[in-house]
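Everything below concerns the one structure shown next.
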Amino acid sequence: MESVTPPSERFTRTHQVARRERAQTVAKWVFGAMSLAMVLPLVAIIVYLLYKAWPSLGWEFLADIPRKGMREGGIWSAFVGTLYLVGLSLAISAPIGVLAAIYLNEYARESWLNRLINMAVINLAGVPSIVHALFGLGAFVYGARFGFSILSASLTLAIMTLPVIIASTREALSAVPRAFRDACANVGATRWQTIRAVVLPNSISGILTGIILQVSRAAGETAPVMFTGAVFFKAVSRGDLFPYRLGDQCMALSMHLYTVSTQVPNVKESIPYATAVVLLGSVLLVNASAIVLRIWLRGRKKW
Amino acid sequence: MRENGRNAIVTRGLSLWYGSFQALIDVSIEVKEGQITSLIGPSGCGKTTLLRCFNRVNERYDYVRTSGGIEILGKNIYDSDVSLVELRKAVGMVFQRPNPLPVSVYENVVFGLRIHSKRRELKRSELDTAVEKALTEVGLWKDLKDRLDARATSLQLEQQQKLCIARLLPLKPEVILMDEPCSALDVEGTRAIEEQMFELKGRYTIVIVTHNMSQARRASDESIFMLMGRVVEHAKTEDLFLNPRNPKTLEYIEGRYG
Ligand SMILES: Nc1ncnc2c1ncn2[C@@H]1O[C@H](COP(=O)(O)OP(=O)(O)O)[C@@H](O)[C@H]1O
Ligand SMILES: [Mg+2]
């Protein structure tokens with residue numbers, strides 16, 4: 001026989017419920033602590049870098065070229081070199097990647113070829129950069145006879161970023177609701193009209209974010225450019241915006257960081273750190289602008 | 001008025017397979033021009049599939065195979081000279097969930113015109129007229145004439161659904177297909193859409209899929225009852241509901257399944 005619960009004891013905690021609630025509180029704190037533990041090293045890195053780099057930091061460091069065998073001066077040559085490499089590589093991979101993704105997502109029918117391309121894209125995105133470096137060396141430097149040059153290095157970086165751009169663009173495209181495409185097809189719009197009028201305007205923020213995030217990747221990679229077109233030192237004049245041509249070799253920030261940290265004796269201690277700050281700062285700046293762009297475009301998004 | 005006893009849609013031995021699953025089996029029907037015809041039947045019997053055959057949207061899945069023939073206004077829509085673009089202009093579709101495009105009310109209505117004309121051929125005044133005409137026809141003009149710039153996705157569902165009908169009108173469709181157009185709406189919205197259908201009747205041939213028996217009775221001139229991919233009975237709505245010839249029809253309209 002079950003006894004009738006008196007009204008005052010209804011809905012009160014039983015032992016089991018109390019135990020579950022305790023477990024839930026513990027879980028919350030543990031997970032919270034983990035996410036803090038993730039942020040702390042990042043903050044520590046930034047603070048440590050800034051502290052070490054402080055004596056060298058300043059506009060002068062950015063605008064001046066390396067002097068006295070890179071033991072003094074700035075990093076202008078490397079900074080511009082990285083701009084060249086990143087700009088050119090994305091100018092190649094972004095249009096190809098976006099167009100390929102549009103084809104794969106909007107036009108291609110389900111077939112073994114499509115599945116094969118998909119698998120290739122996913123797997124290529126996971127290939128280590130040193131392998132891309134070797135491929136670039138064989139394919140562009142020697143194979144296509146572009147030599148050690150900005151062109152070879154940019155092409156290598158482009159090959160490296162392409163699969164990721166395809167994947168992120170496809171993701172952005174497939175986030176556009178099916179219903180919009182139906183609505184268009186239903187008034188007799190062709191696929192291309194549908195893409196232009198509805199699909200692209202509603203996925204552009206995702207597409208751009210995906211591309212911009214590859215900027216940081218292209219800027220940070222060392223091996224691919226070291227194998228194909230970046231050099232230790234190249235004489236350019238201070239503040240020159242166009243010091244390199246396509247067939248030239250160039251300096252690059254990631255490579256320069258490697259050089260001044262390990263290859264040159266008696267470098268002023270703050271120089272490698274300041275180089276790292278510039279590299280990290282540029283990357284963070286680009287990522288932040290991606291976020292701002294995304295928020296802005298989302299605000300204008302139409303659904 | 002188009003009510004002249006001619007057929008708007010004729011299917012002959014139409015069968016359709018999704019992969020190896022046959023969703024339509026030897027469907028032969030005739031839908032009269034200018035009338036409202038309702039498609040009824042339990043869930044999964046192939047109503048949507050049949051409807052989507054009429055403007056050939058099923059073909060967007062590459063595992064779909066069809067056989068048999070469909071004539072719309074006397075023309076076999078599987079003829080090789082049929083352009084899907086022109087077909088879909090003439091045969092518009094309203095979906096279960098309202099699907100306005102994520103742009104303004106105004107742009108939704110003129111979307112079809114923009115798609116089908118060169119940019120400089122479209123005068124603003126013509127577009128304005130088209131918008132007013134289409135919105136008036138679906139009874140939205142009074143409510144929305146001051147909110148033409150409002151985002152269509154921010155309207156009430158019922159208004160969105162009416163807008164989806166209005167969006168078809170500037171293209172001067174011959175046939176309007178509606179797939180459970182009221183299933184996302186409340187009683188009021190359903191009533192409004194039904195009244196809308198009566199308004200449009202005569203000028204357009206309307207085929208409506210519905211789950212709702214009383215809606216079929218209220219709204220349609222003829223009814224087609226389907227079961228497991230086959231047409232079981234096709235008759236004037238009052239006959240089908242009052243004196244069904246097939247015992248399965250009777251079972252269904254009495255609510256014994258589905
Ligand atoms: N895209 C599709 N792929 C595979 N099978 C489908 C697809 N659409 C519908 N079907 C199947 O075809 C049958 C008829 O579906 P449908 O026409 O949507 O029925 P109804 O609209 O009458 O509920 C169902 O059994 C359904 O599972
Ligand atoms: Mg259905």
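General remarks:
- Taking all protein chains into account, the per residue accessible area for chain B stands at 45 Å² (1.4 Å probe).
- Semi-axes of the equivalent ellipsoid for chain B, Cα gyration tensor, largest first, Å: 31, 22, 16
- If R0 is taken as 22 Å, the Cβ-Cβ distance between residue B:172 and residue B:123 corresponds to a FRET efficiency of 0.75.
- Orientation-averaged projection of segment A:24-85 equals 6.6 nm² [convex hull of Cα atoms, one quarter of hull surface area].
- Cβ charges +1 (Lys, Arg) and -1 (Asp, Glu), total dipole of the protein assembly as shown, debye: 1140
- Amide H partners (placed H, <5 Å) of residue B:208, local residues excluded: B:37, B:38, B:39, B:178
- Virtual spin-label span in nm between residue A:67 and residue A:284, 7 Å along Cα→Cβ: 2.9
- Peptide B:54-64 is shielded by partner chain Cβ atoms: per residue, an average of 2 of them sit within 10 Å of its Cβ.
- Built amide H within the under 5 Å cut-off of residue B:226, gap 5+: B:40, B:41, B:232
- Carbon-plus-sulfur accessible fraction, chain B (probe radius 1.4 Å, protein heavy atoms only): 47%.
- Residues of segment A:148-192 with amide N under 20 Å of a point placed 7 Å along Cα→Cβ from residue A:217: A:152-175
- Ligands, DNA and RNA left out, the 1.4 Å accessible surface of segment A:76-299 is 69% carbon and sulfur atoms.
- Overall Cα dimensions of segment A:76-299 - principal axes, largest extent first, Å: 70, 41, 28
- Normalised by residue count, the protein assembly as shown yields a Cα convex hull volume of 279 Å³ per residue.
- Between the listed residues B:161, B:215, B:227, the Cα displaced farthest toward the positive end of the dipole of segment B:138-258, a dipole computed from Cβ unit charges relative to the Cα centre, is found at B:161.
- Separation of alpha-carbon centers, segment A:259-303 and segment B:15-49, rounded to whole Å: 60
- Chain pair B, A: total accessible area buried, heavy atoms, 1.4 Å probe, Å²: 2000
- Cβ-based charge dipole, segment A:76-299, positive-most Cα from A:163, A:247, A:208: A:208
- Peptide B:97-104 - average C-beta neighbours from other chains (10 Å radius): 6
- Counting DSSP beta bridges with both ends in the protein assembly as shown, the antiparallel % (nearest 5): 60
- Relative packing of B:181-191, B:34-44, which averages over residues the other C-beta atoms within 10 Å, highest first: B:34-44, B:181-191
- Counting DSSP beta bridges with both ends in chain B, the antiparallel % (nearest 5): 55
- Peptides A:233-239, B:135-141, ordered by how many other C-beta atoms sit within 10 Å of their residues on average, highest first, read B:135-141, A:233-239.
- Efficiency of FRET from Cβ geometry, residue B:184 and residue B:236, R₀ 30 Å, rounded to 0.05: 0.55
- Most tightly packed first, judged by the mean number of other beta-carbon atoms within 10 Å of their residues, the peptides B:149-159, A:28-38 read B:149-159, A:28-38.
- Number of Lys pairs (Cα under 24 Å; 8 or more positions apart or on different chains) in chain A: 5
- Estimated dipole of segment A:76-299 in Debye, rounded to 20 [Cβ of Lys and Arg +1, of Asp and Glu -1, Cα centre]: 340
- Residue by residue along A:186-197, Cβ atoms of other protein chains within 10 Å of the local Cβ number 6 on average.
- Unsatisfied cross-links (Cα-Cα over 18 Å) in the set B:162/B:201; B:133/B:201; B:89/B:236: B:89/B:236
- Per-pair calculated FRET efficiency, R0 = 41 Å: residue A:196 and residue A:60 via Cβ, rounded to 0.05: 0.30
- When the Cα positions of A:134, B:170, B:78 are compared along the charge dipole of the protein assembly as shown, A:134 comes out farthest toward the positive end, with charges on each C-beta of Lys, Arg, Asp and Glu.
The values are calculated or read from the model by the stated rules, or taken from the named source; none is laboratory data. All of these numbers come straight from a predicted model, not from anything done at the bench. Because the Cβ atoms are built from the backbone with ideal geometry, glycine has one as well, and the counts that use them run over all protein chains shown. Remember, those area values only see protein heavy atoms, side chains included, never the ligands or the DNA or RNA. Shrake-Rupley method; radii C 1.70, N 1.55, O 1.52, S 1.80 Å.
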